[in-house]
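Notes for the one structure printed next.
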Amino acid sequence: MSPPPKGMEVEGDRSGRRSSRKQAHKAEGLVGKHGAQPGQKERVRGSPRPRSPQRKQTEFRICREELRGQERSPAMRTGESRRKRDGRASFKEQRASPKKDKKVLRKEERWKKLKKPRSLSLASSTSGVESPYSEEELAQILEQVEEKKKLIATMRNKPWPMAKKLTELREAQEFVEKYEGALGKGKGKRLYAYRMLMAKKWVKFKRDFDNFKTQCIPWEMKIKDIESHFGSSVASYFIFLRWMYGVNLVLFGLIFGLVIIPEVLMGVPYGSIPRKTVPRAEEEKAMDFSVLWDFEGYIKYSALFYGYYNNQRTIGWLRYRLPMAYFMVGISVFGYSLMIVIRSMASNTQGSTSEGESDNFTFSFKMFTSWDYLIGNSETADNKYASITTSFKESIVDEQESNKEENIHLTRFLRILANFLIICCLCGSGYLIYFVVKRSQEFSKMQNVSWYERNEVEIVMSLLGMFCPPLFETIAALENYHPRIGLKWQLGRIFALFLGNLYTFLLALMDDVHLKLSNEATIKNITHWTLFNYYNSSGWNESVPRPPLHPADVPRGSCWETAVGIEFMRLTVSDMLVTYITILLGDFLRACFVRFMNYCWCWDLEAGFPSYAEFDISGNVLGLIFNQGMIWMGSFYAPGLVGINVLRLLTSMYFQCWAVMSSNVPHERVFKASRSNNFYMALLLLVLFLSLLPVAYTIMSLPPSFDCGPFSGKNRMYDVLQETIENDFPTFLGKIFAFLANPGLIIPAILLMFLAIYYLNSVSKSLSRANAQLRKKIQALREVEKSHKSVKNRATDRDSGDTPKSSKNSTQLQITKPEPASHSASQSQFLDKKAQDTGTTSSASGTLLPASQHLPGSQPPGVKPDSGKLQSRTHPWRSASGKSAQRPPH
Amino acid sequence: MGSKQTVFTHEQLEEYQDCTFFTRKEIMRLFYRYQDLAPQLVPLDYTSCPAVKVPYQLIGSMPELKDNPFRQRIAQVFSEDGDGHMTLDNFLDMFSVMSEMAPRDLKAYYAFKIYDFNNDDYICAWDLEQTVTRLTRGELSAEEVTLPAPAEPVPGPCGKPCADSCVTSAHFLSFPVSVG
């Protein structure tokens, strides 16, 4: 009859998939305990035991079906099958009577036990079952004990109320105690307990470590706060800012630790050589604030700038090779930045591909998983409510956008118009900058220029940066893009504007540099002659050696590197100030005005014209990116620039956080930032590349100034590498380097790289194609399942009489299997209750599964794995019927 | 630690440890939390398993629950007769399921029950509406919450999950589907 371990196994595994089967559980558990009868053991041992916890649903269905089949006692079955033939499937009834079933089952078993010897003799294949504690029996008890133990271990995973858990637990424990003694198996318990303990400890440790890690992330709460109020797009800016701060900290550490500190500690002190001294002409005003503010005076002759560094090969007792370090740090700043940007881009894309699937159930995930059950603080809860509402709104906006249909021609026309207008704006701003730069070149030749004339370029650039983005935004309103796409367009346009401005500025700077370089030869001559005259002039006592000329008096060149550094320094600082002032005036004062003047104004200021400002994501992101570009460009000529940038980022983090929370309102059209902010990263990479170009050009093709900086006296800056290789490395290494620099080697290497890129690219393409195909397949499978289910639902109503019967039959396959006598019984038709069962089984399985025909026969115990195969083979068909019965109203 | 013998017998504690994800210490702490909710109601001796219930008003005011939009549902689901009043067993059950060690399946089972507001074993449109209203404290407008037919251009959040997930029959998520 019903094999008890089977039922228990199901019970052990299914861990509360369905509450409706609780009764069944109980019944089965009881049957299992009482049903450990000799005589069925061979069947039990052979039964397949699929019990890995992560089984698939289909497998569950098998179990469910088996269970259902077992639930029904043979006594019930006749009546049932009759009823079913009438076309009535009343599962509820069946389920309501497990108690009765149980009783009948037990009776049945007893009856079977009696019958057993006879059947065995008929089968004449098994032996030794008669003895009360046979091997098989022991094996079965062992198995059951294991089951119970597992049940005890997984009791806490059961979705039962505590009272039920307690009773189950007590029963299981009793059982284990009762039989464990007989089997002498209890030794694993201690080890198991120990393992559980360790697992718990490990989980706890991991949790603590994670907590620690999240605590180490700076400004997390601030950003979360902003995110909950302004949506993820505004938060993405701040996350980007934080990331940028991290990158800059690393760069700052690199430059500060390897260049500035060694120079300050070990280099020649200030005032000892001309390049480290303020010239005599500037000395009086060198400490004035207005001079310092322009990064002239003492600041110009400090370690913040390129010109301060000496060209001594080694400094200090460490024999630190400063020029070499300076060059290498300059290169590694770019190297590190490139690496970190590309790496974060790559990790972003990886993240996005793995999350791609979850796009399908946005709303479901939002609805069921958005609440954070750990929230225990009403303020956080408020934020969470706000953020959930925001995210719902975002999703609705997304959904609306995807479903919108519009007049395409009008939209197209408006978009073309908008682009035309914007191109006009860009050209205008480009010309304006060109004009201003030309003018400034004229001013630079003149003496006594005013403050405005000196700073005209910076002022115009800042003003353009301030007023063009809003203008673009106004124009972009014509286009009617989805806000996320609109943001990208906006970013692209502002990017073009900034890029144009930056490059005009750079060209002007380059002109200046070339001018200075052309003057350098004459200045060099002057310096040389001055010194010569000073030492050889007559009128000095020849016997006493002349004191060396004071470094402040030595005439010197203009040192174009420092000039470039100063320009970038000024640009950075003015940019920072303009940003802060814009925030103060444009956001804070406006917010104050709107807030307080609203009481005594003739129209509603908050809802009407000025209103509160929105946080300008695109402008801020681009400002950040271009600022970073300037840092990259300038850091080679002004090592202190990175330090200033770190300060700037730090202050702007706090300042902008405060400004956003205090004086901005969330965007009217809230939207989600695209999941990976790879767009920002791509822009950053582009800017990095563009800022790498001028630096590389100046390093590679301009001669360094003759009297300032670590590379003075050399023909090119990179000569420092050659010098180090020649002097500090063994000769054979030098030869190797020379060999490596051979174009004959470099060109094949580049070719090889191209080939590798091509190959990897094609591989990744094919992989992504395969990925897409798999995804499609999954989608199709789900569709099929869905339609299947609906078909089944309909079918259930129609032929509920047929499917359940077949399912019952299939379960009976294994029920009858242990009985070797069954096939003989099946010949006597429908007289015997049991015989009828097997008869239907064999006929049903015979029609559907030819393989099962040999089963209810005299199957020798040795071939039992077959039964497992059979079960698994029947499942699709069974699951169909299983599904139909799966949704009981209870 | 000496007091634990007076509250629970050793066997009781062992059993609770087997049935929950807690250690003995945590169980004792939970007991005292429970006891603190209603000191005049809950006896300090549980060896005889007294049938004491703490009313929902007290359960819902716990800091763990008081900000939770679903606190009422949680209490109802874990209480024996669905009224939110909890015995100690229910209380331990609740914390066990909510604890970090509980497996996902178990949590999903109870999560389904929590979101199934009308206890009909389906998550229907009305349940979803309830969920959204609670999640947003009613800040979404009515038309944003309501459930339009799938053919309509703008499905609100309530319409979407039905379209998203395995829809068994018009707008119902049945239990095994959403958990499996």
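A few notes on this one:
- Whether the stretch A:615-759 is rounded, prolate or oblate, judged on the alpha carbon gyration tensor where a/c under 1.5 counts as rounded: oblate
- Averaging the sequence gap over all C-alpha pairs within less than 8 Å and six or more residues apart, then dividing by the number of residues, gives the stretch A:192-334 a relative contact order of 19 percent.
- For the stretch B:46-94, the relative contact order works out to 35 percent when only alpha carbon pairs closer than 8 Å and six or more residues apart are counted.
- Tensor-based shape of the stretch A:249-323 (alpha-carbon gyration tensor, a/c under 1.5 rounded, otherwise prolate or oblate): oblate
- Legend: mean number of C-beta atoms from other chains within 10 angstrom of residue C-beta atoms, peptide B:15-23, equals 5.
- In order along the stretch B:55-66, the Karplus-derived 3J(HN,Hα) couplings, from 6.51 cos²θ - 1.76 cosθ + 1.60 at θ = phi - 60°, round to x, 4, 4, 7, 4, x, 8, 5, x, 5, 10, 5 Hz, and Gly and Pro are given as x.
- Inter-chain shielding of A:201-208 (mean C-beta neighbours from other protein chains, 10 Å cut-off): 1
- Summed buried accessible surface, chains A and B, 1.4 Å probe, nearest 100 Å²: 5100
- Measuring between alpha carbons in the structure, the pairs from A:K524/A:K714; A:K165/A:K206; B:K25/B:K107; A:K300/A:K438 lying more than 18 angstrom apart are A:K165/A:K206; B:K25/B:K107; A:K300/A:K438.
- Computed accessible area, B:D116, all protein chains, 1.4 angstrom probe, square angstrom: 10
- Under 5 Å, built H, 5+ apart or other chain: amide partners of A:Y320: A:I315
- Across peptide A:386-393, the mean count of Cβ atoms from other chains lying within 10 Å of each residue's own Cβ comes to 5.
- Pairs with C-alpha atoms separated by more than 29 Å, drawn from the list A:K366/B:K66; A:K148/A:K786; A:K158/A:K393, are A:K148/A:K786; A:K158/A:K393.
- Whether the stretch A:222-269 is rounded, prolate or oblate, judged on the alpha carbon gyration tensor where a/c under 1.5 counts as rounded: prolate
- Dipole in debye (nearest 20) - the stretch A:258-320, about Cα centre, beta carbon charges: Lys, Arg +1; Asp, Glu -1: 420
The values are calculated or read from the model by the stated rules, or taken from the named source; none is laboratory data. The structure presented is a predicted model; accordingly, all values stated were derived computationally and were not measured. As a convention, Cβ positions derive from the backbone with ideal geometry for all residues, glycine included, and neighbour counts pool all protein chains shown. Ligands, DNA and RNA are excluded from the accessible area calculation, which covers all protein heavy atoms including side chains. Shrake-Rupley method; radii C 1.70, N 1.55, O 1.52, S 1.80 Å.
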